[in-house]
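*Asks:* First the structure, then my questions, so here it is.
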Amino acid sequence: MSDSDASLMKQRFRGYLPVVIDVETAGFNAKTDALLEIAAVTLRFDDEGWLHPDQTFHYHVDPFEGANIEQAALDFNGIDPDSPLRGAVPEEEALKEIFKPIRKAQKDAGCQRSVLVGHNATFDHGFVMAAAERANLKRNPFHPFVTFDTAALAALTLGQTVLIKACQAAGIAFDSKEAHSAVYDTERTAELFCWMVNRYKNLGGWPLSSSSIESPLKED
């Protein structure tokens, strides 16, 4: 990342580094249910100021000791937690290895914190934070509660809230057979987030100008 690109990242998101995350889990409760898979995509600006996906990081995760596993969740995501072919690693290792390049990207961009970008982001954020707490990781780069939710952003920009429908509306190819793989969903979510940020720029919404922030509601 060049100095100008890093400066743009810092300026564009108020000193936050957006990082796209998706998790696959064995239920909905971040405190009790197993984290089974996690993927992250970092982002970068090009020389023209357009945002793009950068690097992808991915790990299959062993359920933590005593974790609850809901069969309905496994039926939905198709994961067999006991399969040796997964090459799963402990939560602590997975998070350490994902946090490391995120912290580097954060430092290179001059940002003080990273912000989790996700589709229905509070779900992913909850599982990441719970796993980091279980592993007693002190150097968690993510903000403890701020997230950028692409479902909400897509509702505003595309009139859609479901990931596949939002991607289709944005002209982003989406194979429903690949859905619910952490890597696939993260990479599509990253493309969608970049599309929305770039669309706003293309429409003249960024950089901000005095005319762009005037109220559209005019008094008679």
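The values are calculated or read from the model by the stated rules, or taken from the named source; none is laboratory data. Given the structure is predicted, the values throughout are model-derived calculations rather than measurements. Quick reminder, even Gly has a Cβ in these numbers, built from the backbone with ideal geometry, and neighbours come from all protein chains shown. What goes into the accessible areas is simple: the full protein's heavy atoms, side chains included, and nothing from ligands, DNA or RNA. Shrake-Rupley method; radii C 1.70, N 1.55, O 1.52, S 1.80 Å.
*Asks:* Rolling a 1.4 Å sphere over the protein heavy atoms, what is the accessible area per residue of the chain, to the nearest Å²?
*Replies:* 53
*Asks:* I would also like to ask the following. Cα atoms only: what Rg and Dmax, in Å, come out for segment 9-149?
*Replies:* Computed over the Cα atoms of segment 9-149, radius of gyration and Dmax are 15.3, 50 Å.
*Asks:* Another question, then. If you line up the long axis of helix 3-12 against the longest principal axis of the chain, both from Cα atoms, how many degrees apart are they, to the nearest 10?
*Replies:* 90
*Asks:* Still on this structure: Hey, can you rank 41-52, 10-21 by average C-beta count inside 10 Å, highest first?
*Replies:* Taking the mean over residues of other Cβ atoms within 10 Å, the ranking is 10-21, 41-52.
*Asks:* Mind scanning Lys107/Lys138; Lys31/Lys107; Lys107/Lys201 and naming the pairs with a C-alpha gap bigger than 20 Å?
*Replies:* In this structure, Lys31/Lys107; Lys107/Lys201 lie more than 20 Å apart at Cα.
*Asks:* Moving on to the next point. Based only on Cα atoms, what Rg/Rh ratio does segment 75-215 have, Rh being taken as Kirkwood's radius?
*Replies:* 1.01
*Asks:* Follow-up. Where is the GNM fluctuation largest for the chain (alpha-carbon springs, 10 angstrom cutoff): Asp82, Asp54, Asp108?
*Replies:* Asp82
*Asks:* Here's another thing I want to ask about it. Leaving out ligands, DNA and RNA, and with a 1.4 Å probe, what % of the accessible surface on the chain is carbon or sulfur?
*Replies:* Looking at the chain in its full context, I get 51 percent from C and S.
*Asks:* Take every Cα pair under 8 Å in the chain that's 6+ residues apart, average their separations, divide by the length, and report that relative contact order as a whole percent.
*Replies:* Here the relative contact order equals 23 percent.
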